[in-house]
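Have a look at the structure below before the remarks.
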Amino acid sequence: MAARNLFEKVWAEHEVVAETPDTPAVLYIDLHLTHEVTSPQAFSMLRASGRKVRRPDRTLATMDHSTPTRREQLLAEAQIPLDDAAKQVRQLEQNAREFGVELYGLGDPRRGIVHVIGPEQGHTRPGMTIVCGDSHTSTHGALGALAFGIGSTEVGHVLATQCLLQRKPRTFSVEVQGRLQRGVSAKDLILAIIGRIGVSGGTGHVIEYRGPGIAALTMEERLTVCNMSIEAGARAGMIAPDEVTFAYLADRPGMMQGEAWDEAVARWRSLSSDPGATYDRSVTIDASAVEPMITYGTNPGMVLPVGGTIPATQGNAVFDRALSYMGFHGGEPMLGKRVDVVFVGSCTNGRLEDLQAAARVLKGRRVAAGVQMLVVPGSQLIKRQAEELGLADVFRSAGAEWRESGCSMCLGMNGDTVASGAYAVSTSNRNFEGRQGVGARTLLASPYTAAASAVAGRIADPREML
Amino acid sequence: MEPIRQIRSRTVVLASSNIDTDQIIPARFLTVTTRSGLGRSLFQDLRHLPDGRPDPQFPLNRPEAAGCTILVAGDNFGCGSSREHAPWALVDHGFRAVVSTAMADIFTNNALKNGLLPVIVDADTHRWLIDHPGAEILIDLEARRLTLPDGRSSAFPVEAFARHCLLNGIDELGYLQGKLAEIERYEAAHGR
Ligand code: SF4
């Protein structure tokens, strides 16, 4: 058989009906994750047409986007402040009950951001197909799954049939050589990759991240890299499962044991791209040359090393508009720019290692006067772990707010927003106009850089504080 | 769904590239549990001045935009979030087609499922359209051609099955459910 890459193996295993020139493939979906924002219309469609959820055992629901991060609101001691958000939460509770879907609801200790809890609770496994009505579903590819975001109509298709109609995407190899340097994180690596291939460079493709620079990453770092594949236009990003993956999986709740585990590992090992496998496109990046990165514009491709200078305008109207939205000018250095808000959290950087990185910088230091810093764990489990490890105390004594898990300020749906005109250094994934609040100015960076900038009250290079 | 064969309209032009779905419909309007009425919030933050009044210069707010059903947009339209609220808002506003040089994958899929035609044209045709807002053009789905007012026309690609469904007003879910026997066979054979 011809040499196949990781994506081609997973795709072939899930083809119920192969594609033809006239019809897309029918692709089987192993795991369907749902949340409160993109599922209501799909459940309503099922109800209106008298359909059932075909495989509730392959469907899991959680609440994350519009949920409050203040404890009193979460415990329902106080009302969720936004009526419509409260209604979405109630509706998902009702839909889950009515259709027999398991829900990690508001009071559940397993609840969290959908892309954090899938891997954490052992649902995400190598070789699976995973979809969710959410573009950052690409995150799950870090374990060797084919995972991508879909729209609400497709959510309905998967609920009703456990399948999707799909054209086979092209493949894109991103090979990472070398190792990340001290103070440089997986977030900086993926921002550098996006800067290199552009925000639409991956459109129509599934990215496979490979090479020694990827093999050297921890599981959590790999999740950060795959998470932002969509910011390069790719619906999915994948990393072949290896010893790091298996060690991570072995600790997960509900994981198979004994012989079943050994068989699974043998199967997962065979998913790696064959020697000689080919890709439609490829680039090579040197991780050792990557520096702490920060965005200066209104898409994640407008990114620089933190010590860099904003490019001078090339008379490009879109570029000019982005700079004017940000209140920046060509030729200005990023270091020393004003910071009003710092957000550490999201499905990109809301895991334990991310919180540990931020805490390393903050320990024994204080958030600068006039800066609001919010630390929002990616899940309730991470929240408990961070509290046990004393990280929460570090954040609180530095003057940061420590919250319940959720998407929070990543997209500002739950009331946690950035004021118009304010500068927010954020560990999330999108710096689009208005993403964190009307008129909010977002600068994407790593947890190290975010924490260092909180302490300095200005954009700072974290390597000076480590 | 209503079959679509041809769309003839004057265009509205938003020349910016990378118009993401947060700009098409900001997240604070996603707390809905139905899909109707989102047209009101389409391009909300682009359409309004900082003081909240409608921006009279924004192309969609200009009187000549009334009744236009074709939107011409810059590169990489619809990037970002997978929210289907984006095509729902565009369709609710009255758009039937979006023309660009490139569109995001998830947006393209979502648009096709809602009778909003994503039309990818060559750079020259796109340039002409950007430079001539309000031009009356014809998009012919059956012929897969976009025709400019002077009669020049160019081909555009559209996935064969989505085209078949749009031309005939077929719901893709019905087709997928027709494969139930194959799905059951797959589940039995693959231990699903
Ligand atoms: S944290 Fe942000 S990017 Fe991730 S799922 Fe939530 S809203 Fe989406």
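Counting only residues that are within 18 Å of A:Ala400 (Cβ to Cβ), give me the helices (runs of 4 or more DSSP H) lying completely in region A:300-388 with at least 1 of them. Reasoning before the result, please.
Working: elements: A:317-326, A:346-349, A:352-362, A:380-388.
Once the helices (runs of 4 or more DSSP H) in region A:300-388 are filtered for at least 1 residues that are within 18 Å of A:Ala400 (Cβ to Cβ), what remains is A:346-349, A:352-362, A:380-388.
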Check your understanding: Does A:Ile214 satisfy the condition of being free of Cβ contacts under 8 Å to residues at least 40 places away in the same chain and outside any loop (DSSP other than H, G, I, E, B)?
Key -> yes
Check your understanding: Got a sec? Which helices (runs of 4 or more DSSP H) wholly within region A:1-77 have at least 1 residues that are at the interface with chain B (Cβ under 8 Å from one of its Cβ atoms) and open to solvent by less than 20 Å² (accessible area, probe 1.4 Å)?
Key -> A:40-48
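Does any residue of region A:211-225 turn out to be within 14 Å of chain B (Cβ to nearest Cβ), at negative phi, open to solvent by 40 Å² or more (accessible area, probe 1.4 Å) and modelled with pLDDT of 95 or more?
Within region A:211-225, the subset within 14 Å of chain B (Cβ to nearest Cβ) is none.
Looking through region A:211-225, none of the residues is within 14 Å of chain B (Cβ to nearest Cβ), at negative phi, open to solvent by 40 Å² or more (accessible area, probe 1.4 Å) and modelled with pLDDT of 95 or more.
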Review point. Which of the residues spanning region A:322-347 are within 14 Å of chain B (Cβ to nearest Cβ) and within 16 Å of the ligand (Cβ to nearest atom)?
Key: A:Ser346, A:Cys347
Review point. Are any residues in region B:26-78 within 14 Å of another protein chain (Cβ to nearest Cβ) and on the phi > 0 side of the Ramachandran plot, and if so, which ones?
Key: B:Gly37, B:Phe43, B:Gly52, B:Asn76, B:Gly78
Review point. Quick check: is even one residue across region A:352-365 within 18 Å of A:Gly434 (Cα to Cα), free of Cβ contacts under 8 Å to residues at least 40 places away in the same chain and either out of contact with any Cys (no Cβ under 9 Å at 6 or more places or on another chain) or not assigned by TED's automatic domain parsing to the domain that holds A:Leu411 (or both)?
Key: no
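Rundown of residues vs (1) more than 16 Å from the ligand (Cβ to nearest atom); (2) over 24 Å from the mean Cα position of the chain (by Cα), yes/no style:
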residue	(1), (2)
A:Trp11	yes, no
A:Thr20	yes, yes
A:Thr23	yes, yes
A:Arg47	yes, yes
A:His65	no, no
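Residue-wise test of (1) within 21 Å of A:Ala440 (Cα to Cα); (2) open to solvent by less than 10 Å² (accessible area, probe 1.4 Å).
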{"site": "B:Gln6", "(1), (2)": "no, no"}
{"site": "B:Thr31", "(1), (2)": "yes, no"}
{"site": "B:Leu42", "(1), (2)": "yes, yes"}
{"site": "B:Asp51", "(1), (2)": "yes, no"}
Check your understanding: Residues in region A:359-376: is at least one of a type outside the set (Asp, Glu), closer than 24 Å to B:Ile24 by Cα, open to solvent by 10 Å² or more (accessible area, probe 1.4 Å) and within 24 Å of the chain's Cα centre (by Cα)?
Key -> no
Point to revise | region A:326-348 residues that are polar (S, T, N, Q), paired with ones that are modelled with pLDDT under 95 and more than 16 Å from the ligand (Cβ to nearest atom) (beta carbon under 8 Å, 6 or more apart) | key: none
Review point. Of (1) within 23 Å of A:Ala419 (Cβ to Cβ); (2) surrounded by 24 or more Cβ atoms within 10 Å (Cβ to Cβ); (3) within 16 Å of the ligand (Cβ to nearest atom), A:Arg351 satisfies all except one. Which?
Key: (1)
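Take B:Ile139 and tell me if it is buried (at least 18 other Cβ atoms within 10 Å of the Cβ), in contact with a Ser or Thr (Cβ under 9 Å, 6 or more places away or on another chain) and of a type in the set (Val, Ile, Thr).
Values: buried (at least 18 other Cβ atoms within 10 Å of the Cβ): yes; in contact with a Ser or Thr (Cβ under 9 Å, 6 or more places away or on another chain): yes; of a type in the set (Val, Ile, Thr): yes.
Judged against the criteria, B:Ile139 is a match.
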Exercise for review: Within region A:398-428, work out how many residues are without any contact (Cβ under 8 Å) to a residue 24 or more places away in the chain and away from the ligand (no atom under 16 Å from the Cβ).
Suggested key: 1
Exercise for review: Look at B:Pro87 and say whether it is touching a residue at least 60 places away in the same chain (Cβ under 8 Å) and within 17 Å of the chain's Cα centre (by Cα).
Suggested key: no
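With A:Thr153, A:Thr137 as the choices, which residue is within 14 Å of the ligand (Cβ to nearest atom), β-branched (Val, Ile, Thr), within 12 Å of chain B (Cβ to nearest Cβ) and out of contact with any Pro (no Cβ under 7 Å at 6 or more places or on another chain)?
On the way: A:Thr153 fails: within 14 Å of the ligand (Cβ to nearest atom).
Just a single option satisfies the conditions, and that option is A:Thr137.
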Practice item. State whether one or more residues within region B:172-183 are free of Cβ contacts under 8 Å to residues at least 60 places away in the same chain, surrounded by fewer than 12 Cβ atoms within 10 Å (Cβ to Cβ) and closer than 23 Å to B:Ile106 by Cβ. Key: yes
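The values are calculated or read from the model by the stated rules, or taken from the named source; none is laboratory data. Model, not experiment: these values are computed from the prediction. As a convention, Cβ positions derive from the backbone with ideal geometry for all residues, glycine included, and neighbour counts pool all protein chains shown. Keep in mind that these areas ignore ligands, DNA and RNA; they rest on the heavy atoms of the full protein, side chains included. Shrake-Rupley method; radii C 1.70, N 1.55, O 1.52, S 1.80 Å.
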